[in-house]
Amino acid sequence: RVSCRFIDGAGERQAGAVLVAFEDITHLEQAGQMRRDFVANVSHELRTPLTALMGFIETLRGPAREDAKARDRFLDIMEGEASRMNRLVGDLLSLSRVEGEERVRPTEEVYLKDVLTSTLHSLRPVADEAGVTLEPNFGEVPIKVTADLDQLIQVFTNLVENAIKYGGSGGRVTLQISYVQRDPALRGPSARVKVIDYGPGIDPVHLPRLTERFYRADSHRSRELGGTGLGLAIVKHIINRHRGRLRVESELGTGSVFTVILPCHEP
Ligand code: ADP
């Protein structure tokens, strides 16, 4: 799309020339459309639990007023809907924060092994509850990266949580760290962290869009498990800020591998 406007039309025309400025506004239109889609998605995601809450409030005021058992059950459901909204707002704030910081270079020097150990430590109860064994395979080489520690923990938390949530039927989730001296993807030394699950995998048609906001490969399962559809979008922005890459490989019936590639120091 092109926008066209006359510059100083009258004067120029008198002199026998008309000056016209052309500007490609395709990107502006695309950005506008993306903003509108985002607002529509957020409204839809918030409206669903809100509608449920309003319905239950009405029922509690009316038919369930005298029924203590039904009241308790409805209050439980309402609590679930409220915490879904809370998670969504939390993820929206995280996304907006990481987008805002994308141009600010991270400055902390951290060992990847420490970041992953602390991530696994806090996710152990979640894995235990799902009956999933977490298998760290960090190797011997200590790999250091320049990073934002909290954000890096968020990346691996989101990926391991997904591996447990969606791939947990495989019974285990493996984490591997490796070092590549001359990484063609980053043109320098890189650290690669693989989060591997042995669950149902993801249909290849979904892979290119997986990091889009609110994109879900299996919408029903995501909602059932309390997903907001924003986890991988947050991951992508944080990895961009670290000048890294995210790679996803998956095979139906075999499982998925999410690889985070980060520039690192020579060990
Ligand atoms: P959600 O909040 O829905 O989990 P994410 O952005 O974290 O959102 O993930 C997007 C979608 O990618 C999920 O809804 C799920 O369908 C799919 N997905 C992510 N990780 C895995 C995995 N390890 N195995 C299968 N599907 C996955």
Using a Gaussian network model on the chain with a 10 Å cutoff between Cα atoms, which of 184, 49, 142 fluctuates the most? 184
When every protein chain stays in place and a 1.4 Å probe is rolled, 78, 34 sorted by accessible area with the largest first are 34, 78
Whole-Hz Karplus couplings 3J(HN,Hα) for region 72-78, θ = phi - 60° and coefficients 6.51, -1.76, 1.60, Gly and Pro as x, run 4, 5, 5, 5, 4, 5, 5
Percent of accessible area on the chain owned by carbon and sulfur, 1.4 Å probe? 52 percent
Mean projection of the alpha-carbon convex hull of region 205-267 over all orientations, in nm²? 5.5 nm²
Under the definition of Cα pairs under 8 Å and six or more residues apart, what whole-number percent is the relative contact order of the chain? 17 percent
I need the Debye-formula profile for region 66-164: one equal scatterer per C-alpha, no solvent, reported as log10 I(q)/I(0) at q = 0.10, 0.14, 0.17, 0.23 1/Å, two decimals. -0.44, -0.74, -0.95, -1.23
Let me check against my output: what whole-number percent is the relative contact order of region 36-135, with C-alpha pairs under 8 Å and at least 6 apart? 21 percent
Top of 23, 249, 99 by mean-square fluctuation, Gaussian network on the chain, Cα under 10 Å: 23
Please calculate the 1.4 Å probe accessible area of residue 213, with all protein chains present, and give it to the nearest 10 Å². 80 Å²
Go through 76, 91 and list them by solvent-accessible area, largest first, probe radius 1.4 Å. 76, 91
Region 156-214: Kirkwood hydrodynamic radius (Cα pairs, Å) comes out at 13.2 Å
Can you work out D for region 124-181 in µm² s⁻¹ from Stokes-Einstein, where Rh is the Kirkwood radius over C-alpha pairs, the temperature is 20 °C and the viscosity is 1.002 mPa s? 169 µm²/s
Consider just the alpha-carbon atoms of region 1-140 and return their Rg together with their Dmax, both in angstrom. 27.7, 87
Based on the Cα gyration tensor of region 158-267, what are the three equivalent ellipsoid semi-axes, each the root of five times an eigenvalue, rounded to whole Å and given largest first? 25, 16, 12
Taking only DSSP H segments of four or more residues, each worth -39500 (n - 2.57), what value at 222 nm results for the chain once the sum is divided by all its residues, to the nearest 500 deg cm²/dmol? -16500 deg cm²/dmol
Estimated FRET transfer efficiency (residue 58, residue 103; beta-carbon r; R0 45 Å; 0.05): 0.40
Have a look at 160, 39, 18 and tell me which one the Gaussian network model of the chain (Cα, springs below 10 Å) gives the largest fluctuation. 18
Rank these residues by their accessible area, most exposed first, probe 1.4 Å: 46, 116. 46, 116
Excluding same-chain residues fewer than 8 positions from residue 236, which lysines have a Cα within less than 26 Å of its Cα? 113, 144, 165, 194
Roll a 1.4 Å probe over the protein chains and send me the accessible area per residue for the chain in Å². 59 Å²
Using alpha carbon positions and the Kirkwood radius, the Rg to Rh ratio of the chain is 1.12
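The values are calculated or read from the model by the stated rules, or taken from the named source; none is laboratory data. Because the structure is a prediction, the values reported are computed rather than measured. Glycine also receives a Cβ, built like all others from the backbone with ideal geometry; neighbour counts cover every protein chain displayed. For accessibility, only protein heavy atoms count, side chains too; no ligands or nucleic acids. Shrake-Rupley method; radii C 1.70, N 1.55, O 1.52, S 1.80 Å.
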